[in-house]
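Remarks on the structure that follows.
The values are calculated or read from the model by the stated rules, or taken from the named source; none is laboratory data. Given the structure is predicted, the values throughout are model-derived calculations rather than measurements. Here the Cβ positions follow ideal geometry from the backbone for every residue, glycine too, while neighbour counts run over all protein chains shown. Accessible surface is based on the protein model in full, side chains and every heavy atom, while ligands, DNA and RNA are left aside. Shrake-Rupley method; radii C 1.70, N 1.55, O 1.52, S 1.80 Å.
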Amino acid sequence: MLILGIDPGLTRCGYAALDAPGASTVRPVALGVVRTSPSSPLPARLAELRAELAALIAELRPDVVAVEHVFFQVNVRTAMSVGQASGLALAEAWAAGCDVVQYTPNQVKEAVAGWGGAGKAQVQRMVQVRLGLSEPPKPADAADAAALALCHLAAAPLRDRVAKATAAAAAAGPVVGARR
């Protein structure tokens, strides 16, 4: 399974592709940041980011794209630009036929560092250890994208079991004698 993690942002959009051929084997394939110039007009920046994301997805052909689910930002301007970048990532991944999942920052920190309140340095260090890198990935946006992909690897088995159980229950039909 190839997972593409995306840490959305308009100025810096982190990405990390991880190959997980086995249950305990994870190999980094790509790690980096797509940058757009804050001095460019917003529509041009969005078009540039969309094109970069589409090219990245076409080149890597991920099975799953994990995007950070942003549900709170103190700075409204930042929230808007992150939301726009997130929407582009979600739409491009879906249009390319990828499975698309979202995780909150706390879910990512919990899965990677073992605590939902972990700091950026802790997350970077755990990504380094889990991927066998010689140093913590930089910039932080790329490390966050790798953490998103690692979070999906941790969550995928449970998600698959729930999906199968739900499908089996739907196929079985209503329970006889169940009250409505």
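Descriptive notes on the structure:
- For segment 87-117, filtered to residues that are modelled with pLDDT of 95 or more and of a type in the set (Gly, Ala, Ser), the residue that is most open to solvent (accessible area, probe 1.4 Å) is ALA95.
- Pairs where the first residue, in segment 25-54, is farther than 16 Å from VAL82 by Cα and the second is acidic (Asp, Glu), C-beta under 7 Å, 6+ apart: ARG27/ASP19; VAL29/ASP19; ALA54/GLU92
- Residue match in segment 73-81 (condition: at pLDDT 95 or above and open to solvent by 30 Å² or more (accessible area, probe 1.4 Å)): no
- Selection count where residues are in a helix (DSSP H, G or I), open to solvent by 10 Å² or more (accessible area, probe 1.4 Å) and touching a residue at least 24 places away in the same chain (Cβ under 8 Å), scope segment 127-151: 5
- All conditions in (1) open to solvent by 70 Å² or more (accessible area, probe 1.4 Å); (2) of a type outside the set (A, V, I, L, M, F, W, C); (3) farther than 14 Å from LEU90 by Cα hold for ASP63, with the sole exception of (3).
- Count of segment 18-53 residues which are open to solvent by less than 70 Å² (accessible area, probe 1.4 Å) and within 14 Å of ALA89 (Cα to Cα): 8
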